[in-house]
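J.: The structure is given below, and queries will be raised subsequently.
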Amino acid sequence: MHNLLLQVKTFSGVSSAMFLGTLGMLVLVIGLVIFIIVHQRRVMRYQFQLQQMEQEQQRLLIKASVRLQEEERQRIAADLHDDAGPLLATARLYLNENLVNMDKASQLQSIFQARQILDDTIQLVRNISHSLMPPTLKNFGLESAINDLMQKISGSGAINASSRFHEYRDRIKSEKELIVFRIVQELINNILKHSNASFIHITQNMSGNKFILRLHHDGKGIEQSDFERLNKSNIGLGLKNISSRLRVAHGRILFEKDASQSYYKVTVEIPKDEELEPSYMVNH
Amino acid sequence: MTKTIESLFIFLGTLSDLLPLLLILFYFKTCGKVIVLKAVAISCVIFFLLNSSHYYLSAKSRDFIYPFFTVCEFIFFAFFLRFHIKNKTVQKLILASTALFVLFAISEVFIIKLSGLDSVLIGVESIVIIIFSFYYLYEQMNDVSDQFIYNKFHFWITVGIMIYLGGSFFIYIFANQVDKNILQQWWIITVILYIVKNIFFVIAISMFIRQRKDPPRSAYHYSPYLN
């Protein structure tokens, strides 16, 4: 009897172990499968959100770039319409049909006036053309164009601007020079408008295959977090323009405070040999 | 009465091997191009023949059936996982473990002279295959490139394997230690899990056939911004 009871006890112990073990394993396997499905869904949803954010940013950048292009066209149209148009109309007035009936002195006077006006118009058109593509940049390269720009800013006497290129014996491609020049123009424009700085200093270096340009100023500046925030918002058109240009050149920009915490520093990095985005080559 | 139900389940379990096989044969044009599904079909034939052996073989000649069944099962599961795991090292590990397992099974049968149900052999098989299945799931979990894990047919085959091996693990482990009568009571669970495994195989194959006709879209598909 005792043996039988012991046997029953043993069997029930093994049975419960089998029951619990089987149940445990099934729960473990099913739980694991459910966990994996839920986890993967969550990760994929997160990735999708990231993709959407990136797309939204790209959309903002393109919008900013298109808006900037339109503004530039409007400015050129306004310059041509408001300045060149009236000047040419005035020149036409001086050179009207009555000119042949005038006395010699009046004729000379009119021709001289018309010539003066045409000279002014030529200068105006040249200025418009230079604002589109600085001739110094085209003919002498980025170093001369930036030096020229800094000299002009310094010449106003309001701000001390200087630049120094340390390693620029081999020029980068002209398209990239234009991109860097436009970025520098935009940065300087922002500094002049918003920072109240008393000096701007630009230095250039190479680090391996990377072209590096650093801009220091002592005014009120922004840091990387501000740049990223403005880039994602609807304001900050100029910064978005910088971003879209850098994207084309596969470059990077870093806004930070100097180690001494008294200056703001902007670092622009562009790979020297990499090709530009094909869309940029088509559009420009 | 209990015996009749047990016999019915064993009969159903044996027949369940034919479900994936028939589905593959019915859609052979679609399934025949995939090596894994061909392997599923071959394994179903082998398992059906082995499972139904008690209808045409004597008890004495069925001594080698259990170890042979275990080895076939291991080779098929290992081949399937090796085919769907991307990590090269793990692939090699699966091949090595298959070779070792076959050697181990041979030594168990011919050297140690074990016959019938062998807890150790089945236990080793279950542990090794479950570990590789976990690794497969881990790899799939981190793969967020195209579609959800449950849209892949091999996921359902793996789930079937895991439920079958995981659920019957403890019964097989205790198989050599409990009374034959108790084991027979529990055996029905392994048969049910075996049927469940084959149902999962059918789900996987039908999913594969459906996806061949109408390929699934990416998990979160979207129209790209045209720039």
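Coordinate-derived values only; no laboratory data. What you see is a predicted model, and the numbers here were worked out from it, not measured in a lab. Neighbour counts run over all protein chains shown; Cβ positions are idealised from the backbone, glycine included.
J.: For chain A, take the longest principal axis of its alpha carbons; what is the angle in degrees between that and the long axis of helix A:85-94, to the nearest 10 within 0 to 90?
T.: Rounded to the nearest ten degrees, it is 10.
J.: Which of the aspartates and glutamates could be linked to B:Lys152 by a straight reach, that is with a Cα gap under 17 Å, when you skip same-chain ones fewer than 8 residues away?
T.: Counting by Cα, and skipping residues close in sequence, B:Lys152 has these aspartates and glutamates nearby: B:Glu139, B:Asp143, B:Asp214.
J.: So, R0 is 30 Å and r is the distance between the beta-carbons of A:Asn96 and A:Asn139; what FRET efficiency does that work out to, to 0.05?
T.: 0.15
J.: Tell me the mean residue ellipticity at 222 nm calculated for the protein assembly as shown from its helices only (DSSP H runs of n ≥ 4, each -39500 (n - 2.57), averaged over every residue, nearest 500).
T.: Roughly -23000 deg cm²/dmol at 222 nm, from the helical runs in the protein assembly as shown.
J.: Quick one: if you stick a label point 7 Å off each Cα along the C-beta vector at A:Ile235 and A:Arg252, how many nm between them?
T.: 2.9 nm
J.: Restricting to DSSP loop positions (anything but H, G, I, E, B) with no more than 13 other Cβ atoms inside 10 Å of their own Cβ, which GluC sites (Glu not before Pro) remain in region A:167-209?
T.: In loop regions of region A:167-209 (DSSP not H, G, I, E or B), the sparsely surrounded GluC sites (Glu not before Pro) are A:Glu167.
J.: Further question: Just checking the output field for B:176-183: average partner chain Cβ neighbours within 10 Å of each residue's Cβ?
T.: Across the residues of B:176-183, the mean count of other-chain Cβ atoms within 10 Å is 3.
J.: Expressed in nm to one decimal, what extension gain is obtained for the pair A:Arg73 and A:Ser260 from 0.36 nm per residue of sequence separation less their Cα-Cα distance?
T.: 63.1 nm
J.: Between B:Asp179 and A:Ala89, how many nm apart are label points set 7 Å from Cα along the C-beta direction?
T.: 11.6 nm
J.: Lysines within cross-link reach of B:Lys180: Cα-Cα under 28 Å, excluding same-chain residues under 8 positions apart?
T.: A:Lys9, B:Lys3, B:Lys60, B:Lys113, B:Lys197
J.: Quick one: if you stick a label point 7 Å off each Cα along the C-beta vector at B:Phe26 and B:Gln211, how many nm between them?
T.: In this crude label model, B:Phe26 to B:Gln211 measures out at 2.0 nm.
J.: Taking region B:1-77, which trypsin sites (Lys or Arg not before Pro) meet the DSSP loop condition and have no more than 12 other C-beta atoms within 10 Å?
T.: Passing both the DSSP loop test and the Cβ count: B:Lys33, B:Lys60.
J.: Please give the contour-minus-distance gain from A:Asn209 to A:Lys272: 0.36 nm per residue of separation, less the Cα-Cα distance, rounded to one decimal in nm.
T.: Net length gain for the segment: 22.1 nm.
J.: How far is the Cα center of region A:149-180 from the Cα center of region A:198-260, in Å?
T.: 15 Å
J.: A follow-up question, please. What do you get for trypsin sites (Lys or Arg not before Pro) in region B:80-162 restricted to DSSP loop and a cutoff of at most 12 other Cβ within 10 Å of the site's Cβ?
T.: The qualifying sites are B:Lys86, B:Lys113.
J.: Now a separate question. Per-residue Cβ counts within 10 Å, from other chains only, averaged over B:147-154: what number is that?
T.: 2
J.: Which of the lysines could be linked to B:Lys38 by a straight reach, that is with a Cα gap under 16 Å, when you skip same-chain ones fewer than 8 residues away?
T.: Cα-Cα hits under 16 Å: B:Lys29.
J.: Provide a whole-number value for the mean count of partner chain Cβ atoms within 10 Å of the Cβ atoms in peptide A:24-35.
T.: 6
J.: OK, next. Taking the highest mean first, how do the peptides A:263-271, B:205-213 order by number of other beta carbon atoms within 10 angstrom per residue?
T.: Averaged packing, sorted descending, gives the order A:263-271, B:205-213.
J.: What FRET efficiency would be calculated for the residue pair B:Phe79, A:Ser129, taking the C-beta separation as r and a Förster radius of 60 Å, to the nearest 0.05?
T.: E(calc), rounded to 0.05, equals 0.25.
J.: Total Lys pairs in region A:153-284 closer than 14 Å by alpha-carbon, pairs eight or more apart in sequence or interchain only?
T.: Here the count comes out as 10.
J.: Now a separate question. Work out which helices of chain B, taken as complete DSSP H runs, extend at least 15 Å along their axis over the Cα atoms and score a mean Kyte-Doolittle of 0.5 or more, then list them.
T.: Helix filter hits for chain B: B:2-16, B:35-51, B:65-84, B:88-106, B:119-142, B:153-174, B:180-213.
J.: Once you keep just the Cα pairs under 8 angstrom separated by 6 or more residues, what percentage relative contact order results for chain A?
T.: Relative contact order here is 14 percent.
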